[in-house]
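The values are calculated or read from the model by the stated rules, or taken from the named source; none is laboratory data. Everything quoted here is computed from the prediction, not taken from an experiment. A quick note on method: Cβ atoms are made from the backbone with ideal geometry, for glycine too, and the neighbour counts reach across all protein chains shown.
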Amino acid sequence: MPETILFLAHTEDDGSLSKATREALGGAVALRDASGAPMSVGLVGADTRAAAAAIGGCGAARVLAVQGPGFAASRYASDAAAAEALARAAGATIVIAAGTSRWSRVLAGVAQRLGGRVDTHVIALAASDGRVTATRWFYRQRMEAALARAERPWVVGLDPGDHPAWSGAGSAPAVETVHVELPAGRLRTEVVGVESPTGNAQTIRPDASLLFVTGAGWTKKQADGQTHIPEAESIILGFLERSQASLGGSKSLVDQSGEGQAVLRFMTHLNQVGQTGATPRHPKGLATCCHGEEPHVVGWRFINERRAVNLDPNCGWARGKADVVYVADAFEVMRKVNEMM
């Protein structure tokens with residue numbers, strides 16, 4: 001059975017496409033080129049004209065759109081209905097979407113409605129001899145597997161950061177509008193607005209060029225026999241504000257809140273890197289007061305350049321797990337860095 005590819009994209013608040021969406025589009029275009037299958041693009045949003053014009057050069061056979069005020073914000077009922085309608089209109093056998101929070105919460109439901117199968121956290125798609133395979137990691141990025149499915153449609157969520165963001169120029173394509181009814185009885189969620197943290201409160205920045213990881217050493221007794229948690233918080237937040245880095249934490253640090261120990265108030269399990277945490281992809285990383293054991297290092301495997309600050313020259317980071325280790329006191333080093341910045 002010949003394949004037909006549909007790339008799903010939702011617009012941002014300003015009508016544009018996010019970097020994660022353009023990266024997933026790059027993966028979809030690569031699969032189309034490798035397989036020879038026709039590719040359509042399905043857009044969802046309040047107004048999709050700007051997004052359609054932006055992808056005019058991607059070579060899509062068709063550009064379909066579900067648009068209107070009811071599809072502006074992320075909501076399961078409206079997003080799932082829109083994705084289902086676009087997949088049926090395109091006659092898609094393979095549906096590809098970026099692994100954004102908005103799509104990730106609905107892809108499984110869409111696959112069930114279409115009678116297909118779903119795979120998320122896919123990092124690559126390939127085609128050979130008429131067979132499409134998906135590659136993804138298992139067991140916290142320790143094992144990589146390639147898999148294929150006979151069931152169709154196959155709904156695939158591509159993880160951000162695994163493909164170059166698509167870019168290209170072309171004339172605005174003809175857009176086919178797909179009408180989707182949203183019965184009032186199914187819309188049990190009303191989007192009344194968005195509350196966002198202030199710039200100073202935001203510590204997780206996926207697009208930051210630097211990942212700054214803190215370990216449990218920041219909350220332990222220092223050379224004078226006392227803990228200095230307020231100072232640690234001031235130093236760390238000061239560095240994040242000046243550098244606009246993304247904040248990560250070791251498992252031992254984020255677990256302290258459940259053990260009744262003193263903690264950094266802005267650190268949560270969402271900041272955890274490594275063992276049961278995130279595996280970020282930043283160009284550079286700097287670890288401070290981290291012991292460097294294997295679970296934490298696994299979370300750093302996709303960081304291109306890794307450096308660490310630690311008083312112990314024999315710590316795990318000094319044994320090949322970091323490119324550079326500064327044997328020094330993290331309080332003194334980061335205090336001086338903040339002064340220089």
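Of these, GLU84, GLU3, which one is touching a Leu at 6+ places or on another chain (Cβ under 7 Å) and surrounded by fewer than 23 Cβ atoms within 10 Å (Cβ to Cβ)? Walk me through it before giving the result.
Details: GLU3 fails: touching a Leu at 6+ places or on another chain (Cβ under 7 Å).
The unique qualifying residue is GLU84.
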Members of the stretch 162-209 that are within 19 Å of SER18 (Cα to Cα) and either aliphatic (A, V, I, L, M) or in contact with a Pro (Cβ under 8 Å, 6 or more places away or on another chain) (or both): ALA165, ALA169, ALA172, VAL194, ILE204, PRO206, ALA208, SER209
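Is one or more of the residues making up the stretch 94-105 assigned to a loop (DSSP other than H, G, I, E, B), surrounded by 16 or more Cβ atoms within 10 Å (Cβ to Cβ), in contact (Cβ under 8 Å) with a residue 60 or more places away in the chain and touching a His at 6+ places or on another chain (Cβ under 8 Å)? Before the answer, list the steps.
Kept after step one, since they are assigned to a loop (DSSP other than H, G, I, E, B), are these residues of the stretch 94-105: 99-100, 105.
If we keep only those that are surrounded by 16 or more Cβ atoms within 10 Å (Cβ to Cβ) as well, we get 99-100.
Right, trim to in contact (Cβ under 8 Å) with a residue 60 or more places away in the chain and you get 99-100.
So of that shortlist, the ones also touching a His at 6+ places or on another chain (Cβ under 8 Å) come out as 99-100.
Within the stretch 94-105, one or more residues are assigned to a loop (DSSP other than H, G, I, E, B), surrounded by 16 or more Cβ atoms within 10 Å (Cβ to Cβ), in contact (Cβ under 8 Å) with a residue 60 or more places away in the chain and touching a His at 6+ places or on another chain (Cβ under 8 Å).
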Elements of type strands (runs of 3 or more DSSP E) in the stretch 1-91, at least 2 residues being in contact with a Ser or Thr (Cβ under 6 Å, 6 or more places away or on another chain): 5-10, 62-67
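Every residue in the stretch 269-292 that is at pLDDT 85 or above, assigned to a loop (DSSP other than H, G, I, E, B) and out of contact with any Ser or Thr (no Cβ under 8 Å at 6 or more places or on another chain), please. Outline the logic, then answer.
First, the residues of the stretch 269-292 that are at pLDDT 85 or above: 269-273, 280-289.
Those still in the list that are assigned to a loop (DSSP other than H, G, I, E, B) too: 280-283, 289.
Scanning the stretch 269-292 gives a single hit, ARG281.
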Answer from GLY115, GLY70, GLY91, GLY45 - the residue that is at pLDDT below 95, assigned by TED's automatic domain parsing to the domain that holds MET143 and either surrounded by fewer than 18 Cβ atoms within 10 Å (Cβ to Cβ) or more than 14 Å from VAL156 (Cα to Cα) (or both): GLY70
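Take residues that are loosely packed, with under 15 Cβ neighbours inside 10 Å and tell me which of the strands (runs of 3 or more DSSP E) falling wholly in the stretch 123-240 contain 3 or more. Before the answer, list the steps.
Working: elements: 131-138, 143-147, 154-158, 175-177, 210-214.
Counting at least 3 such residues, we get 131-138, 143-147.
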